[in-house]
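In what follows, a single structure is set out as structure tokens and then discussed.
The values are calculated or read from the model by the stated rules, or taken from the named source; none is laboratory data. Everything quoted here is computed from the prediction, not taken from an experiment. Heads up, the Cβs are rebuilt from the backbone with ideal geometry, glycines too, and the neighbour counts pull from every protein chain shown. Heads up: the accessible areas ignore ligands, DNA and RNA and are worked out on the full protein's heavy atoms, side chains in. Shrake-Rupley method; radii C 1.70, N 1.55, O 1.52, S 1.80 Å.
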Amino acid sequence: MPARTRTVLAPSLLPRLWLALAALIFASLTLAAHAQESRQTERVVRVGYQKYGTLVLLKGRGTLEPKLKALGYRVLWSEFPSGPPLMEALNAGAVDFGSAGETPPIFAQAARDALTYVAHEPAAPKGEAILVPTASPIRSVADLRGKKVALNKGSNVHYLLVRAIEAAGLTLADITPVYLAPADARAAFERGAVDAWVIWDPYFAAAEAGGNARVLADGIGLVPNHQFYLSSRSFAAENGAALDAIVAAVAEVDAWAKDNTDAVAKELSPSVGIPAPILAVALRRQTYGIRPLDEAVTREQQRIADTFHGLKLVPKTVDIAGAVRKPGS
């Protein structure tokens, strides 16, 4: 049998091999430590969104993530059925950023003053309405006296109802509010359990398309119907650059959506569960152009808050101006 040979390293090579091995181990440990540190220091932005609106479009298009990744953040998305529960989550610290109509932030402020108004969309008074069945004898808002009216408590349409009945010489005591979420309200409306339904788009557009709903009044001349973008106060104070990046991303999607209504409708249709042609009707009643709150919008929001406090629907006065994000903050 041939003799086995054994490779013997020269003594002069051993120190160099040990040094190379030690360097490799050190590099591996360093990379692992950096990765762990990166995971520990990576910050999270929790965005609350509803099935309809600019934020769900932003989520679908995926343009926010790279903007925030460059700043050391990742994004977590949470869906909410309407503005009131989203504002509750913002108040509780469960989300950092979200959007809602005029009324939900006011109820949230009255419960716990922990949010900041970051920006708003222009008024869209055609995007909400009081509906009655097509064959209903109700012909004016004044005819709602003694009637059952379905609405989502604390939502934008709550203020529309208040303003509409006041303009007609009525008060809330003259009607019977029935507080229901949109899906339950539509079911009650369609089976005749309520006499009227106060609702916003795209549910408004879907009800119109169903053929058994007539518009008694929309927001024109009664309410502005703004959409607000809001942050928790603590997040806004500590993450100004991230907040600016979110607003910039919303503005980009907004600008695209304004000129691409049919494409937006097609994109949103699967998540909303409403056919694209119906969504397109709602989108044409929507407004675009996110911007900071000015004095006029702040005053109008304060007027809404004071109205609800006067009606004892919120337990205390709230200060809108004190909750508006200041430029450059």
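Please pull out the direction-averaged projected area of the chain, using the convex hull of its alpha-carbon atoms, in nm² to one decimal place.
Details: hull surface 108.8 nm².
That works out to 27.2 nm².
Rounded, prolate or oblate: which one fits segment 128-192, using the alpha carbon gyration tensor with axes a ≥ b ≥ c (rounded when a/c is under 1.5, else prolate when a/b beats b/c, else oblate)?
Numbers: a/c = 1.75, a/b = 1.15, b/c = 1.51.
Taking the square roots of the gyration eigenvalues as a ≥ b ≥ c, segment 128-192 is oblate.
Under a cut-off of 21 Å between alpha-carbon atoms, report the lysines in cross-link reach of Lys126, not counting same-chain residues fewer than 8 places apart.
Lys51, Lys153, Lys258
Calculate the length of the line joining the C-alpha centroid of segment 156-174 to that of segment 267-294, in whole Å.
Result: 26 Å between the Cα centres.
Which value, in debye to the nearest 20, describes the size of the charge dipole of segment 151-252 about its Cα centre when Lys and Arg Cβ atoms bear +1, Asp and Glu Cβ atoms bear -1, and nothing else is charged? Could the numbers behind the result be given before it?
Details: 6 positive and 11 negative charges, 43 e Å.
Using Cβ point charges on Lys, Arg, Asp and Glu, segment 151-252 gives about 200 debye.
Could you pull out every one of the aspartates and glutamates with an alpha carbon less than 13 Å from that of Lys69, ignoring same-chain neighbours closer than 8 positions?
Once the sequence-local aspartates and glutamates are set aside, what remains near Lys69 is Glu42.
By its C-alpha gyration tensor, with a ≥ b ≥ c as the square roots of the eigenvalues, how is segment 205-329 shaped: rounded for a/c under 1.5, else prolate for a/b larger than b/c, else oblate? Please list the in-between numbers first.
On the way: a/c = 2.40, a/b = 1.26, b/c = 1.90.
Oblate, because a/c is 1.5 or more while a/b does not exceed b/c.
Using the charge dipole of segment 168-268 (Lys, Arg: +1 at Cβ; Asp, Glu: -1 at Cβ; taken about the Cα centre), state which of Phe204, Val178, Ala265 has its Cα farthest towards the positive end.
Working it through, the farthest residue towards the positive pole turns out to be Val178.
Under a 1.4 Å probe, what is the accessible area of segment 176-327 per residue, stated in Å²? Display every interim value, and only then the final one.
On the way: 7030 Å² over 152 residues.
With all protein chains present, segment 176-327 gives 46 Å² per residue.
Taking only DSSP H segments of four or more residues, each worth -39500 (n - 2.57), what value at 222 nm results for the chain once the sum is divided by all its residues, to the nearest 500 deg cm²/dmol?
Working: 13 runs with 152 residues, N = 329.
Using -39500 (n - 2.57) per qualifying helix, the result is -14000 deg cm²/dmol.
Size of the dipole of the chain about the Cα centre, Lys and Arg at +1 and Asp and Glu at -1 on the beta carbon, nothing else charged, in debye to 20? Before the final figure, lay out each step's value.
Working: 35 positive and 31 negative charges, 208 e Å.
Around 1000 debye, computed over the chain.
Counting only protein heavy atoms and a 1.4 Å probe, tell me what percentage of the chain's accessible area is made up of carbon and sulfur. Present the calculation step by step, with values, prior to reporting the outcome.
On the way: 9270 of 16220 Å².
Ligands and nucleic acids excluded, carbon and sulfur give 57 percent.
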